[in-house]
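A.B. asks: Got a structure here, written out as structure tokens. Questions coming.
A short reminder: the numbers here are calculations on the coordinates, not readings from a lab. Model, not experiment: these values are computed from the prediction. Cβ coordinates were reconstructed from backbone atoms using ideal geometry, including for glycine residues, and neighbour counts include every protein chain displayed.
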Amino acid sequence: MDAARNVDPTPVVHEFVVHLKPPETTFVDPPPHVTCGPQARFKVACSHSQCVYEYKLDGHAWKWAMGEGVMWRGVLELKLSELSQGKHHLQVTAAPAQPPVAVPAALSLS
């Protein structure tokens, strides 16, 4: 509304989603338990519409999965290469890509 009390006939609208629970991470299409080469591919999904992923292999530090994987429709295809012979342990976790904003922006015009 302006000083003459004219009301904007097209107010601005912004829709958003608030996630109160952290996303659940699941393996969609894991490789067989035994592979015949030094590489493996995993497909991982989360319960939220958009997530970012981290992974930990064999107890090493967590790494962001963006450089090692390809994201397609919310599913991450994680490609691991140069794996040594033997048993490996992979952990993947997801976080919301855009956490909700706690305080809304406000603007007063006169």
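A.B. asks: Which FRET efficiency value, to the nearest 0.05, is calculated for Ser81 and Leu20 with the Förster distance at 41 angstrom and r the Cβ-Cβ distance?
C.D. replies: That gives a FRET efficiency of 0.65.
A.B. asks: Could I ask something else about it? Can you put Ser81, Ser49 in order, fewest other beta carbons within 10 Å first?
C.D. replies: Least to most surrounded, the residues fall as Ser81, Ser49.
A.B. asks: Per the Kirkwood formula on distinct C-alpha pairs, the Rh of the stretch 25-96 is how many angstrom?
C.D. replies: The Cα-based Kirkwood calculation yields 12.5 Å.
A.B. asks: In what order do Glu82, Glu54, Glu24 fall by count of nearby beta-carbon atoms within 10 Å, going from fewest to most?
C.D. replies: Ascending Cβ contact count within 10 Å gives the list Glu82, Glu24, Glu54.
A.B. asks: Could you please rank Lys87, Lys56, placing first whichever residue has the fewest other Cβ atoms within 10 Å of its Cβ?
C.D. replies: Listed from fewest to most nearby Cβ atoms, that is Lys87, Lys56.
A.B. asks: Now, a different point. Per 0.36 nm of contour for each residue apart, how much would the distance between Trp64 and Thr35 grow if the chain were fully extended, relative to their Cα-Cα spacing?
C.D. replies: 8.0 nm
A.B. asks: May I pose another question? Under a plain spin-label model, where a point goes 7 Å from the Cα along Cα-to-Cβ, how far apart in nm are Lys56 and His89?
C.D. replies: Placing both labels 7 Å along Cα→Cβ, they lie 0.9 nm apart.
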